[in-house]
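The structure under discussion appears below in the form of structure tokens.
The values are calculated or read from the model by the stated rules, or taken from the named source; none is laboratory data. Source: prediction; values computed, not measured. Cβ coordinates were reconstructed from backbone atoms using ideal geometry, including for glycine residues, and neighbour counts include every protein chain displayed. All accessible areas refer to the heavy atoms of the entire protein, side chains included, with ligands and DNA or RNA removed. Shrake-Rupley method; radii C 1.70, N 1.55, O 1.52, S 1.80 Å.
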Amino acid sequence: MLNRVNEKVWNFFASTELAVALFITISTGAAIGTVIPQSIEPEPVIKFFSKFMSISSAHKTYEIINLFDLNNVYHSWWFTFLLFMFALNLIVCSIDRLPTLLKSFKAPPQPYPLSVLDKMPIKKTVKINNDRILEKIKELFQNKGFSTHVFETQEGFQIQAKKWNKTRLAVYLTHLSILIILAGALIGTFFGFRGSMNIVEGTGLNFAISDEGKAIPLGFEIRCERFEAEYYENSAIPKAYRSYLKIIESGKPVRENIVIEVNHPFTYRGITFYQASYGFQPTEHAEFKFTYFDKTGKEHNINVHFEENFKIPGTSVTASVVDFSPALGIDEEGRLFNMSSDMINPAVLVEFENNGKKTQQWILKKIPESWQTPYGKLRFNELWGAQFTGLQVRRDPGVPLIYTGSILMCLGLFICLFLRPVNYFAVINKNQVVFYCPTSKGMVERQIDEIIKKLKGDEA
Amino acid sequence: MSYQIISIAGILYILVMPVYIVYILTKNKKIGFAATGILSTGALIHIYGFIQRFKEMYAINHSVMRSIPITNLYESLVFFVLCIVSGYLFIEWKYKNKSFGVFVSVIAGITIGLTDVLGITKEVQPLVPALKSNWLLAHVTLSFIAYAAFGISFITALLHVIVETESKKSFKYIFSTSILGFMVFMFISLIFDAFSASNPKSIKIFHSTLGNSSIIISIFCWIALITIIFLFWRFGDHMKKIVQSLKITSGFLEDMTYKGIAFGFPIFTIGGLVFGAIWADQAWGRYWGWDPKETWSLITWFVYAFYLHAKFIRGWKGTKTSMIAVIGFLITIFTYLGVNLFLSGLHSYGSM
């Protein structure tokens, strides 16, 4: 009784029907997740549904969606369960079929009954007068890399030619690789973390914020020395952006001059930092850096905060920064406007005061003509500490497994799709040879034709 | 300019279609030769345009690897067409069979034509930092080679279903004619969408037809859709006769479908999924993030995996598996274009 139940359960998990059902349900579930907004917050989901129905129905729909985790499909219990079933199905299938396949490699080859051969889709008959025909066919097959077996049966001699039979194992390699990838993903979820950090230029942080909004201590401090974004000429499309980082552990710098860029991450102590985004964040600490050239040509460096008065060296003029634009542009009518919040063309509005007389002037970082003021040349170098660099932070011990699994999967797929086993059978009765092949493919048929041609050519 | 050269190739692809039809009807060897000649000329002009595009990009990026033109929707469509035409020419040469050239030239011509009609931007755009990666290059190139292989298998699978149908009441007949009808409707609708959109960047598919804000037009379009499908259903048997007169054996079609998928599937796995994951890992620190594009490519992968399992384990033969191949390519198109048009995500660089 128990055995029967066991067998039923086993057969259920080993069945291709289950595999097909899982293919369909996983795909459907995954597809739902691409349509319904994946958000823990109710607002985006309700907003999405209110496009199709009344607000009150949208609220009710949200409740149903929340019940089945449809707003968090890929981490829901049922989706995880489906993936688990998929893994179980793969394992049971392999345990169910692999031993039979392995046994078939070891078993001594058997002659096939003629009734089986006659059902094969390819059957070609040739009449040939040649005493050494058996040897000849064997040789032809062996030259093409086949291993051959000859049997003497009632119908005459039966030759079996096999090639690439062991490639049937590659399917298991592919299936194994999926399990390795799933295991890698699981390890990553349990033993790794993902987070992000926004570091304002000139400051440092020793924790990242996880996707759920929790602080993850890193165990060291990462400082952003400088951040720069390069833009394509006359456009707001970024060309490259990079952060210059430094790692500080127990108050001492341990790694310096680290440069990270998009597609060029950096790893320290198993934690990898990726350049993900950047932004403009005016803070009180932000410093405007100027260089003033006095009449003798001497350079004076001036660092000031927003709205902070500073003296122009060698004169009685006081000045202060009263406005700032990260990307000042000039429109068609010659008016100034702010193009973007990215630091494309930073500019400052400086107010000068000379003996009670106030004047204002925009100084643009990239336009040297704007540096000329009535009181001398004042170059605007940069706004330091106003940009933040957005880093993704990750530790994932599962990644080596993911890569191994991916390589094995590609290997397995190429073997099982391009090196499929080829079997030929030939029955020799007196001067007649009949070739059989269990699969009907263009290539297979041509190979037989080629052999027949060679046999005939030999005869002539 | 490169896009003008590519448009000339597109015109040749459309012009070659009637030549293939005449060849099929007359079986005249000279006409067949002319058809292959025109298609090959189109492909050569296309390659020339592709090289010109490369030069235009090189002038901006000054890097060989960053100038291969497959980085936006227009360039990827152009590359896809190049792959499908070269793939077909290879099959024509290898199997000495010109039977489905008509369909390849239709797909190639329409795709290039659509890039004009839809006003997809053809400007040479500088690359944003995330796109500067060799993994991305391998990912995109291999993905489109796989899509082209799936495209060819779609054509042969659909022909296979059409050839094998006996009665108008059979499911496969209804299946193949509805899909053809729907695709024709979608194509017409796209043109209306393109003309009614105020800005080429804001084209929303079916927006001017099925999803029109005026209920009357919307209902009319639904009726039109059903009518077109009905017409295909009603007169589809003529198509069957034409296809049968092509003297393509259903075995050849089934074999080509299988070969297209057996070739495309591992390429899609390595290029589309694995290299894509490696790129995402390098750029954002995550190899898989259930982004809509990623999710839909997994679904595509599942459908073709299902096709191969049905073929090998279940021993399914004939039209059943071909229908999976047809559905597979429809999902592939959705993964390629639909995700960009309907859903938002990281692959939005591919948007119009």
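Some observations on this one:
- Note on exposure: B:65, B:1, B:323 ranked by accessible area (1.4 Å probe, complete protein assembly) read B:1, B:65, B:323, with the most exposed listed first.
- Solvent-accessible surface, computed for protein heavy atoms with a probe of 1.4 Å, shrinks by 20 Å² or more for the following residues of the range A:401-425 when the other protein chains are added to the isolated chain: A:402, A:403, A:406, A:409, A:410, A:413, A:414, A:417, A:418, A:420.
- For chain B, the longest principal axis of the alpha carbon atoms and the long axis of helix B:2-26 meet at an angle near 10°.
- Accessible heavy-atom area order of B:29, B:293, A:454, highest first, probe of 1.4 Å: B:29, A:454, B:293
- Taking all protein chains as they are arranged and a probe of 1.4 Å, the heavy atoms of residue B:26 leave approximately 80 Å² accessible to solvent.
- Pairwise inverse Cα distances across the range B:236-321, averaged and inverted, put the Kirkwood hydrodynamic radius at 15.4 Å.
- The mean count of C-beta atoms from other chains within 10 Å of the C-beta of residues in B:303-314, rounded to a whole number, is 3.
- A:255, B:286, A:132, reordered so the largest accessible area comes first (probe 1.4 Å): A:132, A:255, B:286
- Within the accessible area of chain A (1.4 Å probe), percent carbon and sulfur: 56 percent
- Three-way shape call for the range B:189-278 based on the alpha-carbon gyration tensor, with the a/c threshold at 1.5: oblate
- Rounded to the nearest 20 debye, the dipole size of the range A:35-149 about its Cα centre is 920 debye, using +1 on the Cβ of Lys and Arg and -1 on the Cβ of Asp and Glu.
- Peptides A:40-49, A:3-12, ordered by how many other C-beta atoms sit within 10 Å of their residues on average, highest first, read A:40-49, A:3-12.
- With every protein chain in place, the range B:1-102: carbon and sulfur % of accessible area (1.4 Å): 75 percent
- Lys pairs, the range B:218-352 - Cα-Cα below 28 angstrom, 8 or more residues apart or on other chains: 19
- Placing unit charges on the Cβ atoms of the charged side chains and taking the dipole of chain A about its Cα centre, the candidate lying farthest along the positive direction among A:15, A:92, A:125 is A:125.
- Averaging Cα coordinates gives a centre for the range B:125-148 and one for the range A:242-308; these two points are 32 Å apart.
- Nearest 10 degrees, 0 to 90: helix B:73-95 Cα axis against chain B principal axis: 40 degrees
- Built from the Cα atoms of the range A:131-251, the convex hull projects on average onto 18.7 nm², one quarter of its surface area.
- Distance distribution P(r), the range A:1-97, all Cα-Cα pairs, bin width 5 angstrom from 0: 2, 13, 18, 16, 12, 11, 9, 7, 6, 4, 2, 0 percent.
- Basic side chains Lys and Arg get +1 at the Cβ, acidic Asp and Glu get -1 at the Cβ, and with that the dipole of chain B about its Cα centre reaches some 900 debye.
- Three principal axis lengths of chain A [C-alpha, angstrom, descending]: 123, 64, 53
- Since only A:193, A:286, A:452 are under comparison, the one whose Cα sits farthest along the positive direction of the charge dipole of chain A, derived from C-beta charges on Lys, Arg, Asp and Glu, is A:452.
- Reach of residue A:136 by Cα under 24 Å, taken over lysines that are not fewer than 8 positions away in the same chain: A:123, A:124, A:127, A:144, A:162, A:163, A:430, A:453, A:454, A:456
- If you wrap the Cα atoms of the protein assembly as shown in a convex hull and average its projected area over all directions, you get 48.8 nm².
- Cα centroid separation, the range A:1-57 to the range B:17-41 (Å): 50 Å
- Each of B:34, B:217, A:213 was scored by the projection of its Cα onto the charge dipole of the protein assembly as shown, and the greatest displacement toward the positive side belongs to B:34; charges sit on the C-beta of Lys, Arg, Asp and Glu.
- Among the residues of B:124-132, the average count of other protein chain beta-carbon atoms within 10 Å of the residue beta-carbon is 5.
- A/B buried area, accessible surface, summed, 1.4 Å probe, Å²: 3900 Å²
- For chain A, the longest principal axis of the C-alpha atoms and the axis of helix A:55-67 are separated by about 60°.
- About its Cα centre, the protein assembly as shown has a charge dipole of approximately 3600 debye under the convention of +1 per Lys or Arg Cβ and -1 per Asp or Glu Cβ, with nothing else charged.
- Heavy-atom accessible area per residue - chain A, 1.4 Å, Å²: 55 Å²
- Where chain B is the region considered: accessible area per residue in Å², 1.4 Å probe: 42 Å²
- Counting, for every residue in B:263-269, the Cβ atoms of other protein chains within 10 Å of its Cβ and taking the mean gives 4.
- Solvent-accessible surface (1.4 Å probe) assigned to residue B:222 amounts to roughly 120 Å².
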